[in-house]
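All remarks here apply to the structure that follows.
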Amino acid sequence: MPEAALPDDAAGTRTPEPQGRDAAVRLARTWFIDSRRIEMRALADELGVSRMTINRWVGSRDQLIGTITWGLAENALDRARERATGSGVEVVAGTLEGFIATVLDAPFQRAFLRQEGEIALRILTTRSSHLQRNFIAYVAELLRDELPESAERMPIDDLAYLLVRIAESFCYVDLICGGEPDASKVGVAVRLLLS
């Protein structure tokens, strides 16, 4: 790697960008899973670099948490898809229901939502969300694989967006309007919509 591509850290030594970024994401992921609030200054201190270096590596705090949550979500989606039975609508509904069940069962996710409510919703569900963009893309690919004919009724990307919003609604209903989160409602709603 050329010398110019290696940023200076606070101690004046050099750390390769990809290795430093990976270390920052791994450490922040560990903190997130341990229900520890991710603070950029503390992360920089732990890694022995400046806060500017951390920001250069991972972006803002919101971007970092979005990266972490998407990594966790993608694994959970893959597992839910593997466990989904049947084909077509059943696989789509089973995948989304299983994924939301995993999210609701994750202690670190509940802690994040409890500790940071509105910030968490912004990171997880808005158009600037790394997680939501990838979640929509994942569901669009799932639809292309399992229900390619659905494109005749509605563009697949729009349908994927709608399914993600349904899943989010039943996952975060307690924060949105005070209801009780329920993964099984995701499966019911998806089956009704896609049948």
Tally Lys/Arg at +1 and Asp/Glu at -1 over every other residue whose Cβ is under 13 Å from the Cβ of Arg61; what's the total? +1
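Just to verify a number: FRET efficiency for Thr30 and Asn75, C-beta to C-beta distance, R0 = 22 Å, to 0.05? It would help to have the intermediate numbers written out before the result.
Values: r = 15 Å, r/R0 = 0.69.
So, using R0 = 22 Å, E works out to roughly 0.90.
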Determine, from the Cβ-Cβ distance of Arg37 and Arg144 and an R0 of 45 Å, the FRET efficiency 1/(1 + (r/R0)^6), rounded to the nearest 0.05. 0.75
Cβ-Cβ cut-off under 12 Å around Val190, Lys and Arg +1, Asp and Glu -1: the net charge is 0
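Please pull out the direction-averaged projected area of the chain, using the convex hull of its alpha-carbon atoms, in nm² to one decimal place.
Mean shadow area of the hull around the Cα atoms is 12.3 nm².
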Taking the chain as the reference, fit the longest principal axis to its C-alpha atoms, fit the long axis of helix 107-125 to the helix C-alpha atoms, and give the angle between the two in degrees, 0 to 90, nearest 10. 90
Overall dimensions of segment 106-195 by Cα: Rg and Dmax, Å: 14.0, 43
Per the C-alpha gyration tensor (a ≥ b ≥ c, the square roots of its eigenvalues), segment 153-195 is rounded if a/c is under 1.5, else prolate if a/b beats b/c, else oblate; here it's oblate
What number comes out for the charge environment of Pro181, summing +1 per Lys or Arg and -1 per Asp or Glu over other residues with Cβ under 11 Å away? -3
Quick check: the angle from helix 130-146's long axis to the longest principal axis of the chain, C-alpha only, nearest 10 degrees? 40
Percent RCO, i.e. relative contact order, over segment 116-195, from Cα pairs under 8 Å lying at least 6 residues apart: 20
In percent, what relative contact order does the chain have, based on Cα pairs under 8 Å that are 6 or more apart in sequence? 19
Sorted on mean Cβ neighbours within 10 Å (highest first), peptides 108-117, 20-29, 78-87 come out as 20-29, 108-117, 78-87
List, largest first, the extents of the alpha carbons of segment 45-101 along their principal axes, each in whole Å. 51, 16, 15
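No lab work stands behind these numbers, since they all come straight from the coordinates. Quick caveat: nothing in here was measured; it's all calculated off a predicted structure. So basically every Cβ, Gly included, is an ideal-geometry build from the backbone, and we count neighbours across all protein chains shown.
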